[in-house]
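Have a look at the structure below before the remarks.
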Amino acid sequence: MFSGPSDSDTDEMGYAMSRLEIESDLCDAGKGYYGVGSSSSSSHRSSERLGDLDHEISQVTKLKSCPHERFSRQVPGRHQLPVSTVRMLAGRESNFSGRGGRFSSADRCHILSRYLPVKGPWLVDQMDSRAYVSQFSTDGSLFIAGFQGSHIRIYNVEKGWKVQKDILAKSLRWTVTDTSLSPDQRNLVYASMSPIVHIVDVGSGTAESHANVTEIHDGLDFSSEEDGGYSFGIFSVKFSTDGRELVAGSSDDSIYVYDLEANRVSLRTVAHTSDVNTVCFADESGHLILSGGDDNLCKVWDRRCFIGRDKPAGVLVGHLEGVTFIDSRGDGRYFISNGKDQTIKLWDIRKMSSTVPARNEVHRNYEWDYRWMDYPSEARDLKHPYDQSVSTYKGHSVLRTLIRCYFSPAHSTGQKYIYTGSNDSSVYIYDLESGDKAAVLKHHSSPVRDCNWHPHYPTLISSSWDGDLVKWEFPGSGEPPIMSKKRVRRRHFYY
């Protein structure tokens, strides 16, 4: 299900950024700007379509994934249909676009985005403990998977998914909550429910990395004397794009920035009124930090101009329950968040408010805990009266654990999809613009906490609490890839 933003009046503010200009004809009441979700639970399409997804992001997405207009002109009267791959290849040979027989990045995305990674799955690895983290490196050559049983494995994708390094974590509390690979792919940090984040040398020749036995795992201490001996946990940790800093979100309601060169915490701010489940940088500059917490809020922090201690640059409201994960589009404007209200929301930073609305809490007559209870049926149709999100995506399930969501890769799809794990053991892929379910991948027997799409190829890895790491692809020949170990026959649905 997919819906547009609420028409409630909100206090919009662009802090250190330009404010979004909205055309007057889109703002007039009764113009049909705001989308309405599907009324049929059995349908995978919205019954009423959104008139204009966000005037700007819709156009940007189209520009990134639409072919040159001369390719479209070859099919009179069918401009709205995808141009076939055969016609694109023939047009390239005839130099229709005038680019010397080459595809533009948008042409490439138009072709590759049609081939979703829905074939399979093939088994990559199987462990006897829950998988919590699964991530490709930036260039797609490595893949990292973290398990509750203290193991973190680094696979060499280009060498048949061989285990390049098997890390046995040190002083693990509960599970590996997050990992992050440095931009130069030399170091890996891993976190757990402890204020100590450990760092491992990925480039060393040691294949079996047992903490402080075969290799040193240096500890980065995020605690301070002000904590008074209180031990907190780290839910989320990310490298900055220059590899010099780490940003982390913790169970003590705070955001931390760790300076790796100085080997100390350079910034701590009490960011939320409950657990900070997720943090990330908004773009490559490293100035803007995004955070989401169990207080249902998404916040933006500008390190260049702090208004005051523990005061964000802006706040975005709309989720009815806690935020489990945030992924930035990388442009410093748009990001998505997964929420315990069973929704993904798309946000525009320029629509943020300077403060939280006085009546932010939505009245509810039910009590529930997402860790062991199903989401109440009476809560599924509730909407936040001050929802500032650009759009909302429904259909998946966010229960039991902090399930993650992402934009599809820019290189191969133009970021025209959003995908997420789900408590119902599936992976959901949504069309960013229409909100339709493009695919639902079914194989696992337990919640899929994390999944990741290869940055260049139509390959997606899903990891689950059942211990399986499986690979979904769209191989051109239809044959199982050489790198695969075994194909597992399970159902999947492709719309």
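The values are calculated or read from the model by the stated rules, or taken from the named source; none is laboratory data. Being a predicted model, the structure only gives us computed values, none of them experimental. Because the Cβ atoms are built from the backbone with ideal geometry, glycine has one as well, and the counts that use them run over all protein chains shown. Keep in mind that these areas ignore ligands, DNA and RNA; they rest on the heavy atoms of the full protein, side chains included. Shrake-Rupley method; radii C 1.70, N 1.55, O 1.52, S 1.80 Å.
For HIS287, what is the net charge nearby, where nearby means another residue's Cβ is under 14 Å from its Cβ and Lys, Arg count +1, Asp, Glu -1?
On the way: positive: ARG244, ARG303, ARG304, ARG333; negative: ASP242, GLU245, ASP283, GLU284, ASP302, ASP331.
Taking every other residue near HIS287 into account, the sum is -2.
Quick one: if the Förster radius is 51 Å, what FRET efficiency do ASP424 and CYS305 give, using the C-beta to C-beta distance and rounding to 0.05?
Numbers: r = 43 Å, r/R0 = 0.84.
According to the calculation, E is roughly 0.75.
Could you work out how far apart the two model spin labels at ASP128 and TRP174 are, taking each label as a point 7 Å from the Cα in the direction of the beta carbon, and quote it in nm?
2.5
Leaving out ligands and nucleic acids, and using a 1.4 Å probe, what accessible area per residue does region 388-459 come to in Å²? Display every interim value, and only then the final one.
Numbers: 1380 Å² over 72 residues.
Averaged over the residues of region 388-459, the accessible area is 19 Å².
Could you work out how much longer the chain between ASP259 and MET373 gets when fully extended? Use 0.36 nm per residue separation minus the Cα distance between them, nm to one decimal. Could the numbers behind the result be given before it?
Working: separation 114, 0.36 × 114 = 41.04 nm, distance 3.97 nm.
Contour length minus the Cα-Cα distance gives 37.1 nm.
How large is the convex hull of the Cα atoms of region 198-310 per residue, expressed in Å³ as a whole number? Numbers along the way, then the final one.
Values: hull volume 14.5 nm³, N = 113.
Cα-based convex hull of region 198-310, divided per residue, equals 128 Å³.
Quick one: if you stick a label point 7 Å off each Cα along the C-beta vector at ASP139 and SER274, how many nm between them?
Distance between the two pseudo-spin positions: 4.2 nm.
Computing the accessible area with a 1.4 Å probe over protein heavy atoms, can you report the carbon and sulfur percentage for region 316-444?
Numbers: 1790 of 4000 Å².
Exposed carbon and sulfur together represent 45 percent of the surface.
Starting from the Cα of SER231, move 7 Å in the Cα-to-Cβ direction to define the label point; list residues of region 155-197 whose amide nitrogen is under 12 Å from there.
171-174, 193-196
Over the residues of region 223-372, compute the C-alpha Rg and express it relative to 2.2 N^0.38 Å. Spell out each step's value before the answer.
Numbers: Rg = 15.2 Å, N = 150, 2.2 N^0.38 = 14.8 Å.
Cα-based Rg divided by the globular estimate yields 1.03.
Going by average Cβ neighbours within 10 Å, how do the peptides 324-331, 457-464 rank, with the highest at the top? Before the final figure, lay out each step's value.
On the way: 324-331: 21.4, 457-464: 25.2.
So the order, starting with the most tightly packed, is 457-464, 324-331.
Cβ under 14 Å from PRO376's Cβ, PRO376 left aside: what net charge do those residues give with Lys, Arg +1 and Asp, Glu -1? Each step should come with its number before you reach the end.
Values: positive: LYS340, ARG364, ARG380; negative: GLU321, ASP341, GLU367, ASP369, ASP374, GLU378, ASP381.
Value of the local net charge: -4.
Given a 1.4 angstrom probe, what's the average accessible area per residue across region 219-350, in square angstrom?
With the other protein chains kept in place, region 219-350 gives 32 Å² per residue.
Compute the distance from the alpha-carbon center of region 380-430 to that of region 147-205, in whole Å.
26
Using 7 Å Cα-to-Cβ label points, what is the SER105/VAL213 separation (nm, one decimal)?
4.6
Calculate the translational D of region 110-258 in whole µm² s⁻¹ from Stokes-Einstein, where the hydrodynamic radius comes from the Kirkwood formula applied to all Cα pairs, the temperature is 37 °C and the viscosity 0.692 mPa s.
Working: Rh = 16.3 Å.
Here the translational diffusion coefficient equals 201 µm²/s.
In debye, nearest 20: dipole of region 186-283 around its Cα centre with unit charges on the Cβ of K, R (+) and D, E (-)?
Details: 5 positive and 16 negative charges, 37 e Å.
For this selection, approximately 180 debye.
In the neighborhood of ILE152, defined by Cβ-to-Cβ distances under 9 Å, what is the net charge if each Lys or Arg adds +1 and each Asp or Glu adds -1? If you can, show how the numbers build up before the last one.
Details: positive: ARG153, LYS165; negative: ASP166.
The answer is +1.
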